[in-house]
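Q: Here it is: the structure, laid out below.
Every number in this text was worked out from the coordinates using simple rules, so none of it is lab data. Worth saying up front: this structure is predicted, and the values here are computed from it rather than measured. Cβ atoms come from the backbone with ideal geometry, glycine included; neighbour counts cover every protein chain shown.
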Amino acid sequence: MVMEIVCPAGTPAALRAAVKAGAHTVYCGFNNETNARNFPGLNFDREEMIEGVAFAKAHGSKVLVAINTFPRAGAEHIWHEAVADAQAAGAHAVILADVGLLAYAAKNHPNLRLHLSVQAAAANADVINMYARDFGVKRVVLPRVLSVPEIAAINAETEVETEVFVFGGLCVMAEGRCSLSSYATGLSPNMNGVCSPASHVEYEDDGETLDARLGGYTIHRVGKDEGAPYPTLCKGCFKAGEATGHLFEDPVSLNAEQLIPQLEKAGVTALKIEGRQRSRSYVAQVVRNFRRAVDALDAGQPMPEGFLASLSEGQATTTGAYKKTWR
Amino acid sequence: MSDPQISIPTAPRVLASALKYVPLAPLSLILSSYACRVAKNHPSMMRRLGEHNKTDFVLDPTDLPISIEMNPNRGYPRITVVRGNGQGTARIAGPLAALMGLVHGAFDGDALFFSRDLVIEGDTAATLALRNAIDDAELDLGEEMAGATGPFARQISKLLTFVERKSGVPLTRPQEVDTW
Amino acid sequence: MQLTVGPNQFFWAADRWAELYQELASAPVDRVVLGEQVCSKRLPFFQERIPEAIEVLQAAGKDVMLTSLALVTLKRERKQTDALAEMGVSVEVNDLTALANLPEGMAFTVGPLINVYNEGTLNWLAERGATRICLPPELPMESVEVLCKAAQDAGVEIEVWGHGRLPLAISGRCYHARMHKRAKDNCQFACEDDPDGLDVRTLEDQPFLAMNGVQTLSDTYACADEQIEALTSAGVTALRLSPQSKGFAEICGLYRQRLGGDLGRGALAEALRAMDSEMRLSNGFLTGKTGVEWAAE
């Protein structure tokens, strides 16, 4: 079976571009705090979601709706409505992270397929099987802290399908378990669906150096001809003891295209591309590339050469935790 | 994707020289009325701007001696073309071809930004909202312009295609290639 | 309001570790959570001392719990998690894996690293047998208030982070090892040199974070001095104090005085600053715009 390519869409135009470029599945979210890419100018209103799902279905693709922030106490109805509206729009599944919301969806929407978001950071078979047993979760998006052999070990012990990130931004922290952003800016991935929010970013270019600040903290300082990374906290340049550098993670992004055959052997069902904040042209290019790769793999042909580096942050890529040396 | 490196052409020198002398007030008026037409045709673009629909943006084509001050003005955009850097709370600067390529979805904004072909300053959230709103609108400024000129539409289209080919500046939305 | 001492987040030599619990036996606290939360590689160094520490604390009348790891991935870590239930004290779940491994019907408590953001999650945990929940430190006061009400209905006690460097993130990667250019498997326990974590500054030397192996903490020490009255009236029944290498028993004493009214609002923070001028305080997660903020009347 061909591995499933799961593509991001921050806008209806990106959804159409992804579908036309060969995405088996597209994931997107509503334009509010219910989804973990709650960025300015992005996401779908209810009408757009209905149209998007219809467009995807007409072209043989599926839509997953990410409702993967943690509902705010006293305002859970916003998340409950999102689940109901996703089902009504015809979504193939919803991607959830919060156990309270999973329990709600399992009880009130028994026919709705549930995927476990990477934000739940379910990193071993015991806990994944618990999500399957208690809520009927059918697929888990694995956190980006696991190596390929560990992924294989998980698949050997669970019936739940696994989906792994292969391209795009990389969280070095276990997702859904990080409050660096709210510590510095007051806005967090878990509560607000944003990390290192643009509203708190300042760039200062004095001709010689470009400083990128977040919430008043200097996160990057680059020279004239260097690339300009976004000031994501965990990829910043800091000092500790005698050391100065990218102490947590370099400003690189994930590219595991060459690991696709190994991931297939490890029993992975679906390959996920990060980037709902990226343009429709980016989405189309990346999707086309990965679709080619999985089709080649399915036909027993060699992987096409990688050429996605120029689209990546800092224009440098890593295979991340999939290779154990990353740790 | 045949060429992995984004290569961005510089605006033709003749255009840069001309803009040194062209009177800017009428140009501002024409562009404002054109922008209103585009906004009217793409209401979802204004919706996507959300709270940033009254922001003073500056689009600064670095290979031209002018800057474009643009306020979306809740669906009735006002454009002022000025010489020099312009005034505003959110600035996007880069070669004209990069700016036009961004509008037309030929390039990815983040990639241009990471490579510093585009430089943003000031209100980053507003800039992102504008970028995302434009990307979703699937604009084709060439087509809009041709549409606005009524009986001359065909000639204008031809002219734009010619200029586009000669200068390398994307003036229209590229055809979707390689559809699955 | 009671005082709970959270698990020591840092890597201390076994003798020093045991000393902390000897000291806490006579400190004015009600409850102590011990064990290893951050890195499974540290546990063998003090594992044998745990039963004795439990005994000392229980003999002094303290409630004792054992924490799970914050992030369980490896086989060895799953086994460690499995074994927690057999230690004879109740388990504080800090990764839902521990919950998956607890025998059905066994009561447990929930630590601050479990994402309890809303009533739905709280109720689900209560149904599963949770008796006490320490809320995630990033929750604002409005959420604490709503969750306290839900907890009363569900018969669950609510605890809030009261003092100490805030656990902000957990990773598969060890930053101490990375900084020393070592592989995680051959880390040589670099984190042991930093009993309160290693300070991380910005390029402009602004104090910002602290690294602690696979964990990232705040530079500031959270301190709920300003919010104690509000927390009490919301229905919070315990404050969590997180161990630090210097003067921790004394700090427990100060919080006890503050709760008992011997120290007024603001006097606790003042006393903490007098103890150590390098101890920068924050309380922004509860009532500020950002977590790092310090807001006082």
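Q: Could you give the dipole magnitude of the protein assembly as shown about its Cα centre, charging the beta-carbon of Lys and Arg +1 and that of Asp and Glu -1, in debye to the nearest 20?
A: 2200 debye
Q: Straight-line reach only, C-alpha to C-alpha below 25 angstrom: list the lysines that A:K224 could link to, leaving out same-chain residues fewer than 8 apart.
A: A:K235, A:K239
Q: Return the percentage of antiparallel bridges among DSSP beta bridges fully within the protein assembly as shown, rounded to the nearest 5 %.
A: Antiparallel bridges: around 40 percent, rounded to the nearest 5.
Q: Now for a different question. Rounded to a whole number of µm²/s, how large is the Stokes-Einstein D of the protein assembly as shown at 25 °C and 0.890 mPa s, given Rh as the Kirkwood radius over C-alpha pairs?
A: Roughly 88 µm²/s, to the nearest whole number.
Q: Using the beta-carbon distance between C:A14 and A:D295 and R0 = 41 Å, what value does 1/(1 + (r/R0)^6) give for FRET efficiency, to the nearest 0.05?
A: Numbers: r = 56 Å, r/R0 = 1.37.
Efficiency for this residue pair is about 0.15.
Q: With all pairs of different alpha carbon atoms counted, what Kirkwood hydrodynamic radius in Å does chain B show?
A: 16.8 Å
Q: Follow-up question, since we're still on this one. Evaluate the distance, in nm, between pseudo-label points positioned 7 Å from the Cα of A:R133 and of A:E157 along their respective Cα→Cβ axes.
A: With each label placed 7 Å out from Cα toward Cβ, I get 1.3 nm.
Q: Between the stretch C:22-58 and the stretch C:88-131, what is the C-alpha centre distance in whole Å?
A: Distance between centres, Cα-based: 20 Å.
Q: Would you be so kind as to identify which of C:L281, B:L102, A:M191 lies farthest towards the positive end of the dipole of the protein assembly as shown, taking Lys and Arg as +1 and Asp and Glu as -1 on Cβ and the Cα centre as origin?
A: Selected residue: B:L102.
Q: Enumerate the amide H contacts of C:R132 below 5 Å, restricted to partners 5 or more residues apart or on another chain; note that Pro and chain-start residues carry no placed amide H.
A: C:V110, C:E157
Q: Taking H as built 1.01 Å from N, whose amide H comes closer than 5 Å to the amide H of A:F238, not counting residues under 5 places away?
A: Answer set, sorted by chain and number: A:G245, A:H246, A:L247.
Q: Put +1 on the Cβ of each Lys and Arg and -1 on the Cβ of each Asp and Glu in the protein assembly as shown; which of C:Q80, A:V140, A:L247 then has its Cα farthest toward the positive end of the dipole?
A: Toward the positive end, the furthest listed residue is A:V140.
Q: OK, next. Kindly write out, for the stretch A:17-28 in residue order, the coupling ³J(HN,Hα) from the Karplus curve 6.51 cos²θ - 1.76 cosθ + 1.60 (θ = phi - 60°), rounded to whole Hz, with x marking Gly and Pro.
A: Here the 3J(HN,Hα) series is 4, 5, 4, 5, 7, x, 5, 6, 9, 10, 10, 7 Hz.
Q: Along the stretch C:192-203, what does the Karplus equation 6.51 cos²θ - 1.76 cosθ + 1.60 (θ = phi - 60°) give for ³J(HN,Hα), rounded to whole Hz, x for Gly and Pro?
A: Once θ is set to phi - 60°, the couplings for the stretch C:192-203 become 5, 6, 10, x, 10, x, 9, 4, 10, 10, 6, 4 Hz.
Q: Further, regarding this structure: What is the magnitude of the charge dipole of the stretch A:37-97 about its Cα centre, with +1 placed on the Cβ of each Lys and Arg, -1 on the Cβ of each Asp and Glu, and no other charges, expressed in debye to the nearest 20?
A: 240 debye
Q: Kindly count the pairs of lysines across chain C whose alpha carbons are less than 25 Å apart, treating pairs on different chains or eight or more residues apart as eligible.
A: For chain C, qualifying lysine pairs total 9.
Q: Taking a cut-off of 16 Å between Cα atoms, list the lysines near B:K158, but don't count ones fewer than 8 places away on the same chain.
A: Filter leaves B:K166.
Q: When the convex hull of the Cα atoms of the stretch C:105-224 is projected onto a plane and the area is averaged over all directions, what value comes out in nm²?
A: Working: hull surface 38.2 nm².
The directionally averaged projection comes out at 9.5 nm².
Q: Over what distance in Å are the Cα centres of the stretch A:79-106 and the stretch A:125-199 separated?
A: First find each Cα centre; the distance between them is then 17 Å.
Q: Which residue, chosen from C:M211, B:T62, B:L141, occupies the Cα position most advanced towards the positive end of the dipole of the protein assembly as shown, where the dipole is computed from +1 (Lys, Arg) and -1 (Asp, Glu) charges on Cβ about the Cα centre?
A: Sorting the options by dipole projection puts first B:L141.
Q: Apply the Karplus curve 6.51 cos²θ - 1.76 cosθ + 1.60, θ = phi - 60°, to the phi angles in the stretch B:85-93 and return the couplings in whole Hz, x for Gly and Pro.
A: So the J values, rounded to whole Hz, are 8, x, 10, x, 9, 9, 10, 10, 10.
Q: Please work out the C-alpha center-to-center distance from the stretch B:45-63 to the stretch C:228-297 and express it in whole Å.
A: About 45 Å separates the Cα centre of the stretch B:45-63 from the one of the stretch C:228-297.
Q: Here is a follow-up. Let me spell out the model: positive unit charges on the Cβ of Lys and Arg, negative unit charges on the Cβ of Asp and Glu, origin at the Cα centre of the stretch A:190-245. What dipole size does that give, in debye rounded to 20?
A: Computed about the Cα centre, the dipole is about 320 debye.
Q: Test of the criteria: in the stretch C:46-110, which GluC sites (Glu not before Pro) are in a DSSP loop and have at most 10 other Cβ atoms within 10 angstrom of their Cβ?
A: Listed in order of number, the matching sites are C:E104.
Q: Here's a follow-up. Three principal axis extents, largest first, for the C-alpha atoms of chain C, in Å?
A: 51, 49, 36
Q: Relative contact order of the stretch A:190-245, please, whole-number percent, based on alpha carbon pairs below 8 angstrom and at least 6 residues apart.
A: 24 percent
Q: Set the Förster radius R0 to 56 Å, insert the Cβ-Cβ distance between B:K20 and A:A54 as r into 1/(1 + (r/R0)^6), and round the FRET efficiency to 0.05.
A: Working: r = 51 Å, r/R0 = 0.91.
Computed FRET efficiency for B:K20 and A:A54: 0.65.
Q: Once amide H atoms are placed 1.01 Å from N in the peptide plane, what residues at a sequence separation of 5 or more from A:T25, or on another chain, have their amide H within under 5 Å of its amide H?
A: Long-range HN contacts for A:T25: A:I5, A:C7, A:K62.
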